[in-house]
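In what follows, a structure is listed as structure tokens, so that the remarks can point back to it.
Quick note: the coordinates plus some simple rules give every number you see, no bench work behind them. Predicted model, so just to flag it, every value in this text is computed and none were measured. When we count neighbours, we look across all protein chains shown, and the Cβ atoms used for this are built from the backbone with ideal geometry, even at glycine.
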Amino acid sequence: MDIINILITFLLIIPAIHSLRDVRVKIPSAVRKSDTVVLNCYYDMEGDSLYSVKWYKGRREFYRYSPKENPAMKTFPIPGIHVLQSASNESQLTLTSVTAVTSGKYSCEVSADFPSFHTMIVSGDMEVVEVPLTSPAIHGIRSRYKLGDIVRGNCTSRLSRPAANLTWTINDIPANPPITKPHKPIKSNKNDLEASTLGLHFVVNSQHFINGRLKVKCIARIHDVYQQSNERFIEEERPRVTSLASSNHNHHNIGLSYNNYNPDDNDIDKDTYLDNIKGDASSLNAGSMQTCHSSLVVLTISTSLILFNYLFKFNYALTRLDSS
């Protein structure tokens, strides 16, 4: 009886001295479609012997490593799971050509051998993403704005799985949520890919322009595996006065001056510009009236001389007829 009690005590003490512990996994939370992925399972046997390491997707076992069996490595077919055995062992699992079907919950189960047969299991989630083919596109934003104008535009990230997370920055400072407007993702008719759009809407003020320039930037992110951006530079638009003709031979430019008005060079306002045009046009009209009057006088004198010459010749002809 004493021998049995001693044996039982021995069996109870051994697991406490030699016991499996510190089981942990390293599973990437997100990976790109078609990539090769490495999953790790770390553990401390504390002097115990390893009996097996098993990997599960959900509740289905697809990989087993048992060092005392031959072969030590076994795989079991599951859709979306392709194990690269040459790069897998008791602590590392390598998957190739991952797809959307590969996404899911992965668990590593570690079991110690006799006498403890202690077993621990740890899990982690992995998502396979499909990134956009191009960087995000900015639409609706012009290259020039003046103070008080409203900037309205959209940033769109192309089809992906999941839809990209979009953010705006103004001069590299994140835009406040009230001036951004998220739109509902657009799903593709052919697959479950989605396109995301984020709007931007704000009034331009003097603080936005730095040395006459304003930069808006759109950033698209998907987890930690994808980040692309696009940006636009906006120039400050300022009024400009174009030169007016100062002589009569250039007076035809007056009719084009307002159409050529370009508010880019200085701060003069449009009303002042129009007043200048009216004043110069009035002076030009007065000069044109004087020129027209002088021309009319010359024309009258020339006509009178021609008529006098005609009458003189007619009278001379009549005098000769009478003499005959």
Item to complete: Could you sort out which of Lys184/Lys215; Lys105/Lys190; Lys181/Lys215; Lys74/Lys105; Lys33/Lys215; Lys187/Lys215 sit more than 22 Å apart by Cα distance in this structure?
Response: Lys184/Lys215; Lys105/Lys190; Lys33/Lys215; Lys187/Lys215
Worksheet entry | By average C-beta atoms within 10 angstrom, highest first, the peptides 133-142, 55-64 | 55-64, 133-142
Response to the item:
A student asked for the Cα radius of gyration and Dmax of segment 20-80 in angstrom ought to give 13.6, 40
Item to complete: May I ask you to evaluate 6.51 cos²θ - 1.76 cosθ + 1.60, the Karplus curve with θ = phi - 60°, for each residue of segment 63-68 and list the ³J(HN,Hα) values in order in whole Hz, giving x for glycine and proline?
Response: 8, 9, 10, 10, x, 8
Worksheet entry | Kirkwood-based Rg to Rh ratio, segment 38-194, C-alpha trace | 1.22
Worksheet item: Between Lys190 and Asn211, what FRET efficiency follows from the Cβ-Cβ distance if R0 is 45 Å, with the result rounded to 0.05?
Response: 0.45
Fill in: Fraction of alpha-carbon pairs over 15 Å apart in segment 185-230 - percent
65
Worksheet item: In sequence order, what are the phi-derived ³J(HN,Hα) couplings for segment 120-131 according to the Karplus relation 6.51 cos²θ - 1.76 cosθ + 1.60 with θ = phi - 60°, rounded to whole Hz, with x for glycine and proline?
Response: 9, 9, 9, 10, x, 9, 9, 10, 8, 10, 10, 7
Worksheet entry | Within-15-Å neighbourhood charge of Pro162 [Cβ basis; K, R +1; D, E -1] | +1
Practice prompt. Amide H neighbours of Leu50 under 5 Å, at least 5 residues apart or on other chains, H built in the peptide plane: list them.
Written response: Asp113
Response to the item:
Between Lys146 and Arg60, the two model label points (7 Å from Cα along the beta-carbon direction) sit apart by a distance in nm of 6.7
Fill in: Net length gained if the chain between Asp224 and Phe76 were fully extended (0.36 nm per residue, minus Cα distance)
50.2 nm
Worksheet entry | Most to least packed among 117-127, 89-99 [average Cβ atoms within 10 Å] | 89-99, 117-127
Response to the item:
Between Glu69 and Ser29, Cβ-based FRET efficiency (R0 35 Å, step 0.05) works out to 0.60
Discussion item. At a 10 angstrom cut-off on C-beta neighbours, averaged per residue, how do the peptides 151-163, 193-205 rank from highest to lowest?
Written reply: 151-163, 193-205
Response to the item:
Which residues qualify? For Val23, with a placed amide H closer than 5 Å and at least 5 residues away or on another chain, they are Asp44
Response to the item:
For segment 222-235, in residue order, the Karplus 3J(HN,Hα) values (coefficients 6.51, -1.76, 1.60; θ = phi - 60°; whole Hz; Gly and Pro = x) are 9, 6, 10, 10, 8, 8, 9, 9, 9, 9, 10, 9, 10, 8
